[in-house]
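Data block below; observations after.
The values are calculated or read from the model by the stated rules, or taken from the named source; none is laboratory data. Keep in mind the model is a prediction, meaning the values are calculated, not measured. Note that we place each Cβ from the backbone using ideal geometry, even for glycine, and neighbour counts take in every protein chain shown. For the accessible areas, the whole protein counts, side chains as well, though only heavy atoms, and no ligand, DNA or RNA atoms are used. Shrake-Rupley method; radii C 1.70, N 1.55, O 1.52, S 1.80 Å.
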Amino acid sequence: MTKYTVKVDGMQCGMCEAHVNDTVRKAFPNVKKVSSSHTKKQTIIITEQAIDEQALTEAINQTGYTALSVSREPYEKKGFFSALRKK
């Protein structure tokens with residue numbers, strides 16, 4: 001899986017976060033998880049399939065917010081049982 005972190009400017013409240021989350025889910029229906037934080041000015045997306053970063057930026061920009069940057073990194077779910085699998 002892959003974790004995308006999008007720096008987003010313009011979010012001011014929880015409704016802004018929900019608006020960005022809904023936009024990402026609509027543009028990329030295969031994402032596993034989307035969460036935004038107006039205080040951190042970022043949106044985190046977890047997905048099994050690659051996302052077109054240009055399309056992601058455009059989708060967020062069309063909401064009236066500004067996607068400043070997109071970064072990605074491998075994502076491994078962490079939890080109690082994942083620690084047991086490594087042994």
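Looking only at residues of region 4-47 that are modelled with pLDDT of 95 or more, assigned to a loop (DSSP other than H, G, I, E, B) and under 21 Å from residue 78 (Cα atoms), we find that the one that is most open to solvent (accessible area, probe 1.4 Å) is 32. Beta carbons closer than 6 Å, at least 6 apart along the sequence or on distinct chains, pair a first residue in region 1-25 that is within 14 Å of residue 56 (Cα to Cα) and in contact (Cβ under 8 Å) with a residue 24 or more places away in the chain with a second that is of a type in the set (A, V, I, L, M, F, W, C) and in a helix (DSSP H, G or I) for 23/59. Taken together, the residues in region 48-67 that are surrounded by 15 or more Cβ atoms within 10 Å (Cβ to Cβ) and part of a loop (DSSP other than H, G, I, E, B) amount to 3. Taken over region 68-87, the residue count meeting the criterion of being surrounded by 14 or more Cβ atoms within 10 Å (Cβ to Cβ) and either assigned to a loop (DSSP other than H, G, I, E, B) or modelled with pLDDT under 70 (or both) is 1.
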